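Right, one structure below, let's go through it.
The values are calculated or read from the model by the stated rules, or taken from the named source; none is laboratory data. Given the structure is predicted, the values throughout are model-derived calculations rather than measurements. Note that we place each Cβ from the backbone using ideal geometry, even for glycine, and neighbour counts take in every protein chain shown. We work out accessible area using only protein heavy atoms, side chains counted, and drop any ligands, DNA or RNA first. Shrake-Rupley method; radii C 1.70, N 1.55, O 1.52, S 1.80 Å.
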Amino acid sequence: MKKLIIIFSAISLLVFIRPVLGLGANIATTNSSVSTAQVDVAEEESIIDKAVDGIKTFYSYTGFANSSSGNVIMIIIGIVFIYLGIKYDYEPLLLIPIGTGVILGNIPFVAGNQTGIYETGSVLNYLYFGVVKGVYPPLIFLGIGAMTDFSSLIANPKLMLLGGAAQIGVFATFLGALYLGFNLPEAGAIGIIGGADGPTAIFLSSKLANGINILEDGTTVKNLIGPIAIAAYSYMALVPVIQPPLMRLLISKKDRKIKMKPPRAVTQKEKMIFPVVALILTLFISPSALPLLGMLFFGNLLKESGRTERLADTARTKLIDIVTILLGVTVGASTQADIFITKDSMLIFGLGAISFVIATCGGLLFAKFMNLFLKGDNKINPLIGAAGVSAVPDSARVVHHEGLKSDPSNFLLMHAMAPNVSGVIGSAIAAGIILSFLG
Amino acid sequence: MTQILLYTDPISEGYVILITGLLIVFSALVILALFFNYGLPIMLYVYKIITKGKDKKISEIKVKTDSGFTGEISAVIGASVHMYLSEQHDIESGILTIKQVKKTYSPWSSKIYGIQNRL
């Protein structure tokens, strides 16, 4: 009780002092000339007036006075993200930072005090720099590379094609976005949502749809980094919801029960050669994907070389954690309602859902197609085609669960990891191609 | 790089990018797949020929040279390695700190009983 009284008196003291010290910006200054004239007439009254004015100014600075319906909607969305992350365990490492960021970015404030993420000089703006300039995605890729085990891919290289097949989602969405009236760079950035790879999507949108580039006809591209990143990450988190119905729709019960033979053991030498060769080959084909693929294979080499365990350990734990925290919060905060809630964002969300569906279908159907040419033991379970959309490692996990549902002794996880990681490579290459065409 | 495309209609440009993009992605992955299917085994084979004789398989090591190596020696080595790895000795932490221990009342430390026993 004593504490409560102290706190209340401190707050009331602050409120009374505000206008006296001239902190109350405009209202206080306009009143100052009036109040000096009235000093001897009604001192008692003016103090109360000042106090009321002070409270009014204070109120005008609070979130309650400045909030708009958009802010409230976005804050609710942020809370839903956090709820989904905690309750249903949908990629909590992403959804909780992003959800918090969404709330952070939508706290209503008075513009011009270097608070918001889009105001130059604010701390959030400096952290957002890493997103706008595409600094964070390559660092995330370094960590992913140091985490990923490519051995299942090396053991069965033909599964790499499934990762390519799922990239049809990228290009189909790109076309869809063009038809909806987005211009070329914007459409390219939207298309990459189909790659189901958050860092790649942020990287490409920061290069193409960053609100800075100027098109040939003199118009500036829109800033779509926020909507694209949010769409990519939220659909990635929803992979366990989107994919299973499509799998059941496209793959027959009999096909779902196909058991694949276990992948052969891969030697350490092959594992070491893989990142070097893949780095050189893929980057010679698509040099624009250099920041992403370069870091991915560099991280993998750190892991497999056997001599740099310390570096690999840092890359896959501390470094990627730090970058994920910064990336999540700033991407979330970039959804400031007045910039985020537009018709474009809604269209992007629609296109994103479609692109995930197309990518999953592309992977599944291509796996079926491949089965036409494979015989006997070599037949693949078409379910693993769905893992060709990157979304590492969630989509592989979904495939595994679906496989277990139709046959409890069929373990597909290791097989599904192969198209999954090749999906990462594929979407990075696709990003490189789009960038080289439109950048 | 934008000069590659001379079409003015974004839709037709879109189709060009769609087709070329898909082709390139596929070809890149096909090349990778082909390399790891065929190229890598050849490379490893060549590497084996170059470094021939350096590392032998267990079956290639002759028994004759190891006549002095008895089962006892190998048992001793095995035991010591096992002892070393499982760290049979206790290792205490080197950090020593004096911790305050809360005690209930004891007449031995009571202030009431001084030397002179004055109350």
Query raised in the report: Is segment A:55-68 home to any residue that is open to solvent by 20 Å² or more (accessible area, probe 1.4 Å) and within 30 Å of residue A:290 (Cα to Cα)?
Result: no
**Report entry** Options A:280, A:339: the member that is in contact with a strand residue (DSSP E or B) (Cβ under 8 Å, 6 or more places away or on another chain) and more than 20 Å from residue A:434 (Cβ to Cβ)
**Finding:** A:339
Query - Test result for residue A:347, surrounded by fewer than 19 Cβ atoms within 10 Å (Cβ to Cβ) and either touching a helix residue (DSSP H, G or I) at 6+ places or on another chain (Cβ under 6 Å) or under 29 Å from residue A:227 (Cβ atoms) (or both) - result: yes
Report summary line: If you go through A:360, A:330, A:335, A:317, the only one that is in the same structural domain as residue A:134 (by TED's automatic domain parsing) and open to solvent by 10 Å² or more (accessible area, probe 1.4 Å) is A:317
**Report entry** Failed criterion for residue A:301 (all others in (1) touching a helix residue (DSSP H, G or I) at 6+ places or on another chain (Cβ under 6 Å); (2) over 22 Å from residue A:137 (Cα atoms); (3) hydrophobic (A, V, I, L, M, F, W, C) hold)
**Finding:** (2)
**Report entry** Those residues of segment A:390-429 which are closer than 30 Å to residue A:178 by Cβ and touching a Gly at 6+ places or on another chain (Cβ under 6 Å), in sequence order
**Finding:** A:390, A:419, A:422, A:423, A:426, A:427
Report summary line: Within segment A:179-188, restricting to residues that are assigned to a helix (DSSP H, G or I) and in contact (Cβ under 8 Å) with a residue 60 or more places away in the chain, the one that is nearest to residue B:9 (Cα to Cα) is A:184
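Conditions tested, residue by residue: (1) small (Gly, Ala, Ser); (2) more than 14 Å from chain B (Cβ to nearest Cβ).
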| site | (1), (2) |
| --- | --- |
| A:249 | no, yes |
| A:258 | no, yes |
| A:265 | yes, no |
| A:273 | no, no |
| A:282 | no, no |
| A:308 | no, yes |
| A:327 | no, yes |
Query raised in the report: Looking at A:24, A:63, which is the one that is at pLDDT below 90 and more than 30 Å from residue A:233 (Cβ to Cβ)?
Result: A:24
Report summary line: Checked segment A:163-197 for anything under 24 Å from residue A:278 (Cα atoms) and either touching a Lys or Arg at 6+ places or on another chain (Cβ under 6 Å) or at the interface with another protein chain (Cβ under 9 Å from one of its Cβ atoms) (or both); matches are A:163, A:164, A:165, A:167, A:168, A:170, A:171
Query - Sole residue being within 30 Å of residue A:301 (Cα to Cα), under 19 Å from the mean Cα position of the chain (by Cα) and at pLDDT 90 or above, chosen from A:127, A:104 - result: A:127
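A quick yes/no check of all residues on (1) under 16 Å from residue A:160 (Cα atoms); (2) in contact (Cβ under 8 Å) with a residue 40 or more places away in the chain; (3) open to solvent by less than 10 Å² (accessible area, probe 1.4 Å):
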position: A:324; (1), (2), (3): no, yes, no
position: A:364; (1), (2), (3): yes, yes, yes
position: A:386; (1), (2), (3): yes, yes, yes
position: A:411; (1), (2), (3): no, no, no
